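The values are calculated or read from the model by the stated rules, or taken from the named source; none is laboratory data. The structure displayed is predicted, hence computed values, not measured ones. Cβ: placed from backbone, ideal geometry, glycine included. Neighbour counts: every protein chain shown. Just the protein is used for accessible areas: all its heavy atoms, side chains included, with ligands, DNA and RNA removed. Shrake-Rupley method; radii C 1.70, N 1.55, O 1.52, S 1.80 Å.
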Amino acid sequence: MTEAGSSASRFDVVVVGAGLAGLYALHRLRGRGLAVQVVEAAPDIGGTWYWNAYPGARCDVESMDYSYSFSPELDQEWTWSELYPAQPEILSYIHHVAERFDLRRDVRLSTTVSAATYDEERARWSVVLETGETLDAQYVVFATGSLSAPLDPPFEGFETFGGEWYQTSRWPHEEVSFDGRRVVVIGTGSSGVQSIPVIAETAAAVTVLQRTPNFSIPARNRPLDAEEVARRKAVYPAHRQAQRDSPSGVTVDVNPRSAHTYGAEEAQDEMRRRWEFGGAPIFNVAFVDTMTDVAANTLLADFVRDRIREKVSDPATAELLIPTDHPIAAKRLCCDTNYFETYNAEHVELVDVRSNPIRRVVRDGVELSDGTVHQADTIVYAVGYDALSGALGRIDIRGTGGRRLADEWRDAGGPSTYLGLAVHGFPNMFTVTGPGSPSVLAVMIVAIEQHVEWIDDCLAHLAEHGLGVIEATEVAQKEWTDRVEEVIQGTVFPLATNSYYGGANVPGKWRRIPLWAGGQKAYRDICADVARRGYEGFALR
Ligand code: N01
């Protein structure tokens, strides 16, 4: 193994990305004496939680669940202030972890990786930086995130706008004021749903240009009091294990009963109880068959539709806000604070740009197809990401025989991986929460820890057995990709035909859902079995 510091550009492992995944990979792999270099494009660590500093940005998983579980001491010493953590608090937590485990010294910030090429003769990767430098490594770990390749404003003329404009996915770290401003917001996914109510608190006028409405569940966020925190901390280790043993990474009350076993009133009571409790994780498991049975799903969707009608005073606005084109939770379920209520304010207007699409951005606002111009001082774009494979696709990754990862996946009609961890033809390369794993269907930090620990164990196994190369076999990759597809086809996810889960939001992108929908725990067990059987499905040498 390479000695740390023996050569400035030679490492055992290069990790791309210094978000929650890359930082944990650094901690684990360095802890075993490997020379690790993390490369991060942003000016600071944090990944998603660095970039998404938009007003209202908050995690939709409870803070005491959405944090690293690898250190019981860390669990005890850090105290969250709110049930659902806001972006600044998560970023502070990440900074704390980096200081506590002395991570920053092996992270290179403001450095973009442009290419990575596998040299078969040397069995090593050359990781090329935008600076022109090359890092040489035995292994490369892409901790690049599932929702990290932002889409630019997709409108002609966006750069000609005379006012200020922002992207939720690349929010500046300086104060942005909406005071007295006319703000146009484009996009009503999770980012729009979270930011619109906060922007409306100070803006003079807010115009939301909505193409597709989304389901959203009230977060019912609140401060955490000392007693509750102490109570939870007392059972933290057992709670962490329960998270790992759960279907999605959180220990919510999963209803084991089918919606079909309920009488009408009893079903309403069950859904009402979950709605009042708040948060998306408990709501989409209201019935065991919510995600597999259209009628069960419709029952839940109709319940939310009725709640939207109750919340929004103007019936026409309410109808516009009600999703009708996809099953509930088949696109990522949003979680909000006062989202629907915001449309009751006099200065907030909802405009349907499905029937009258955005034509272009002009100097003083946004012009629709019928010629209407919505005047703006500020435009906020919350238009989403080239998800799941986008960050990997933006790097020129070449494996054996010069094969390009992006071309392989394009030609295969979508990402093809083994376990979402490795790709045939790309030896010694790992992806953390890659396509083909539970990824965005699981609580991300739980999924991250599982992947990083699996990779760490794998590298230990190779070292112990005097091996230096690992590659997914073509057969194992095909079988896994088929299995992922088979599982997703047994769910309602494919009925959401315009979801980023299936690549629909990026013109020309693959159209399949490369997500393991069989549950986080089942997936974890499969990965553990693969390792136990001597890394079955991988060729080792
Ligand atoms: O992105 P999105 P996001 N004209 O893709 C609209 C995570 N996240 O950043 O649906 C008009 O969901 C587009 O409309 P349509 C979470 O996993 C989590 O909001 O394509 N509109 C849609 O409304 C989430 O799912 C948290 O018709 C256009 C919006 O832009 C994921 O990140 C918070 C348009 C994009 O929505 C992505 O969420 C934030 C056009 N030409 C994010 N192009 C939490 O933890 C796009 N749109 C709570």
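The lone criterion from (1) within 13 Å of the ligand (Cβ to nearest atom); (2) touching a strand residue (DSSP E or B) at 6+ places or on another chain (Cβ under 8 Å); (3) under 28 Å from residue 84 (Cβ atoms); (4) not aromatic (Phe, Trp, Tyr) left unmet by residue 326 is number (2). Restricting attention to the stretch 259-275, the residues that are among the aliphatic types (A, V, I, L, M) and open to solvent by 80 Å² or more (accessible area, probe 1.4 Å) add up to 1. Listed here are the helices (runs of 4 or more DSSP H) enclosed by the stretch 367-478 that have at least 2 residues being in contact (Cβ under 8 Å) with a residue 24 or more places away in the chain, surrounded by fewer than 18 Cβ atoms within 10 Å (Cβ to Cβ) and away from the ligand (no atom under 16 Å from the Cβ): 444-464. Among the residues making up the stretch 141-160, those that are within 15 Å of the ligand (Cβ to nearest atom) and closer than 28 Å to residue 373 by Cβ are 150, 151, 152, 153, 154, 155, 156, 157, 158.
Consider the stretch 21-53. How many of its residues are open to solvent by 20 Å² or more (accessible area, probe 1.4 Å), touching a strand residue (DSSP E or B) at 6+ places or on another chain (Cβ under 8 Å) and either within 16 Å of the ligand (Cβ to nearest atom) or among the hydrophobic types (A, V, I, L, M, F, W, C) (or both)? Residues in the stretch 21-53 being open to solvent by 20 Å² or more (accessible area, probe 1.4 Å), touching a strand residue (DSSP E or B) at 6+ places or on another chain (Cβ under 8 Å) and either within 16 Å of the ligand (Cβ to nearest atom) or among the hydrophobic types (A, V, I, L, M, F, W, C) (or both): 2 in total. Hey, any hits in the stretch 463-484 for a residue that's among the charged types (D, E, K, R), touching a helix residue (DSSP H, G or I) at 6+ places or on another chain (Cβ under 6 Å) and within 26 Å of residue 23 (Cα to Cα)? No: zero hits. Would you be able to say whether some residue in the stretch 87-94 is open to solvent by less than 30 Å² (accessible area, probe 1.4 Å) and either more than 16 Å from the ligand (Cβ to nearest atom) or more than 30 Å from residue 329 (Cα to Cα) (or both)? No: zero hits.
Table: residues versus (1) closer than 30 Å to residue 332 by Cα; (2) of a type in the set (Ser, Thr, Tyr).
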residue	(1), (2)
19	yes, no
24	yes, yes
28	no, no
56	yes, no
63	yes, yes
73	no, no
76	no, no
96	yes, no
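Scoring residue 225 on the criteria (1) without any contact (Cβ under 8 Å) to a residue 12 or more places away in the chain; (2) within 13 Å of the ligand (Cβ to nearest atom) leaves a single failure, condition (2). If you check 332, 354 for being near the ligand (Cβ under 10 Å from one of its atoms), in a loop (DSSP other than H, G, I, E, B) and exposed (fewer than 15 other Cβ atoms within 10 Å of the Cβ), only one passes: 354.
For residue 69, state whether it is away from the ligand (no atom under 16 Å from the Cβ) and free of Cβ contacts under 8 Å to residues at least 24 places away in the same chain. No, not satisfied. Once the stretch 294-323 is narrowed to residues that are touching a residue at least 40 places away in the same chain (Cβ under 8 Å) and out of contact with any helix residue (DSSP H, G or I) (no Cβ under 7 Å at 6 or more places or on another chain), the residue that is farthest from residue 348 (Cα to Cα) is 294.
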